[in-house]
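**Q** I'd like to ask you about the structure that follows.
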Amino acid sequence: MEQTSIYERNNALLERVKQGDSEAEALLLEENAGLVRRIAKRFLERGTEYEDLVQIGTIGMLKAIRSFSLDRGTAFSTYAVPLIVGEIRRHLRDDGLLKVSRIYKRQGLSLIHEKNRILSEQGREAGIAELAELCGISAEEAAVSLDAISPVTSLSECVYGEESVTYEGILADRESMDECERICDRIALAQSIGTLPTLWRKIILLRYFRNMTQQQTAAALGLTQVKVSREEKKILAELKKQLG
């Protein structure tokens, strides 16, 4: 199916969704499932099963379907990518990385109980070695257990009491942002290539996907090397214009 047809079909289905058509919403989810799966593959080996990543990414796709406006003047898939990526990364951040062993939780609570008891009875802070001995565990285990039950710090919380500086500001997820931008760029480029004339698409395929020289491309298409060179300049100019 041509890219232009996909674009038009997505828009037609989105128009039906805005009118409350649940069947159109289900069709959009089904027809764009490949995009969700491609993005999910980029997050493998992060502690979450592939199919779970797909399900989480589908939630992002559903949010994109329900919030997209045809007035944006952009392709739906380009709009959907950041929402899918964001949904998966949120899951990995909030759920996938904070699974704490029950043993450490129990030990941590025992340590806190002893700490509070000593503070109440003796008016002093107990050291970790002392708390570990009282609970019958090693100091290393005590440190891990206390860390396991410590509250999660909000990214919006101020750092070192500085109101103008937050953890979010100093721990910006540059990798995530770059990854999202790369995916968006690839999708936008693929959509732009799909709108080009057949000859131009063939030249792109041979030159940039099969790494042929201009001379080899000319021979394969029955053209002259000069003709290929001229067409290639036109192609690059058109893509820059579309992606500009």
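The values are calculated or read from the model by the stated rules, or taken from the named source; none is laboratory data. Please read these numbers as outputs of a predicted model, since none were measured by experiment. A quick note on method: Cβ atoms are made from the backbone with ideal geometry, for glycine too, and the neighbour counts reach across all protein chains shown. Just so you know, the surface numbers come from the protein's heavy atoms only, side chains and all, with ligands and any DNA or RNA stripped out. Shrake-Rupley method; radii C 1.70, N 1.55, O 1.52, S 1.80 Å.
**Q** Out of (1) open to solvent by 50 Å² or more (accessible area, probe 1.4 Å); (2) under 30 Å from ASN32 (Cβ atoms); (3) modelled with pLDDT of 85 or more, the odd one out for LEU62 is which?
**A** (1)
**Q** Would you say TYR50 is open to solvent by 50 Å² or more (accessible area, probe 1.4 Å) and at pLDDT 85 or above? Before the answer, list the steps.
**A** On the way: open to solvent by 50 Å² or more (accessible area, probe 1.4 Å): yes; at pLDDT 85 or above: yes.
Spelling it out, TYR50 is indeed open to solvent by 50 Å² or more (accessible area, probe 1.4 Å) and at pLDDT 85 or above.
**Q** Residues in the stretch 116-134 that are open to solvent by 70 Å² or more (accessible area, probe 1.4 Å) and either over 46 Å from the mean Cα position of the chain (by Cα) or modelled with pLDDT of 85 or more (or both): how many?
**A** Result for the stretch 116-134: 9.
**Q** A follow-up question, please. Can you tell me how many residues within the stretch 35-47 are assigned to a loop (DSSP other than H, G, I, E, B) and either within 16 Å of LYS18 (Cα to Cα) or open to solvent by 50 Å² or more (accessible area, probe 1.4 Å) (or both)?
**A** Total meeting the criteria: 5.
**Q** Please determine, by comparing only the residues of the stretch 219-244 that are within 23 Å of ALA75 (Cα to Cα), hydrophobic (A, V, I, L, M, F, W, C) and without any contact (Cβ under 8 Å) to a residue 40 or more places away in the chain, which one is least open to solvent (accessible area, probe 1.4 Å). Show your work before the answer.
**A** Initial filter on the stretch 219-244 (within 23 Å of ALA75 (Cα to Cα)): 235-244.
Checking the rest, the ones that are also hydrophobic (A, V, I, L, M, F, W, C) come to 235-237, 239, 243.
Cutting the leftovers down to without any contact (Cβ under 8 Å) to a residue 40 or more places away in the chain gives us 235-237.
On the way: ILE235: 5, LEU236: 77, ALA237: 58 Å².
Among residues in the stretch 219-244 that are within 23 Å of ALA75 (Cα to Cα), hydrophobic (A, V, I, L, M, F, W, C) and without any contact (Cβ under 8 Å) to a residue 40 or more places away in the chain, the one least open to solvent (accessible area, probe 1.4 Å) is ILE235.
**Q** Can you pull out every residue in the stretch 107-123 that is free of Cβ contacts under 8 Å to residues at least 24 places away in the same chain and either under 19 Å from ALA139 (Cα atoms) or aliphatic (A, V, I, L, M) (or both)?
**A** In the first step, residues of the stretch 107-123 are kept if they are free of Cβ contacts under 8 Å to residues at least 24 places away in the same chain; the result is 113-123.
HIS113, GLU114, LYS115, ASN116, ARG117, ILE118, LEU119, listed by residue number.
**Q** Also, I was wondering about something else. Return the pairs, sorted by first residue and then second, in which the second residue is part of a loop (DSSP other than H, G, I, E, B) and aromatic (Phe, Trp, Tyr), the first residue lies in the stretch 58-77 and is in contact (Cβ under 8 Å) with a residue 60 or more places away in the chain and over 11 Å from LEU29 (Cβ atoms), the beta carbons are less than 6 Å apart, and the residues are 6+ apart or on different chains.
**A** Here the result reads PHE76/PHE68, each pair linking the stretch 58-77 to a residue that is part of a loop (DSSP other than H, G, I, E, B) and aromatic (Phe, Trp, Tyr).
**Q** Right, next: Can you pull out the residues in the stretch 199-218 that are assigned to a helix (DSSP H, G or I), open to solvent by 80 Å² or more (accessible area, probe 1.4 Å) and not basic (Lys, Arg)?
**A** Within the stretch 199-218, the subset assigned to a helix (DSSP H, G or I) is 199-209, 214-218.
Going one step further and asking which of them are open to solvent by 80 Å² or more (accessible area, probe 1.4 Å), we end up with 202, 208-209, 215-216.
Once the filter is applied, which keeps residues that are assigned to a helix (DSSP H, G or I), open to solvent by 80 Å² or more (accessible area, probe 1.4 Å) and not basic (Lys, Arg), the stretch 199-218 yields TYR208, PHE209, GLN215, GLN216.
**Q** Here is a follow-up. Tell me which of these VAL159 doesn't satisfy, since it passes every other one: (1) modelled with pLDDT of 60 or more; (2) surrounded by 13 or more Cβ atoms within 10 Å (Cβ to Cβ); (3) of a type in the set (A, V, I, L, M).
**A** It is condition (1) that VAL159 fails.
**Q** Follow-up. Kindly list, by first and then second residue, each pair from a residue in the stretch 11-35 that is under 21 Å from ILE84 (Cβ atoms) to a residue that is part of a loop (DSSP other than H, G, I, E, B), limited to pairs with Cβ atoms under 8 Å and residues at least 6 apart or on different chains.
**A** LEU14/PHE68
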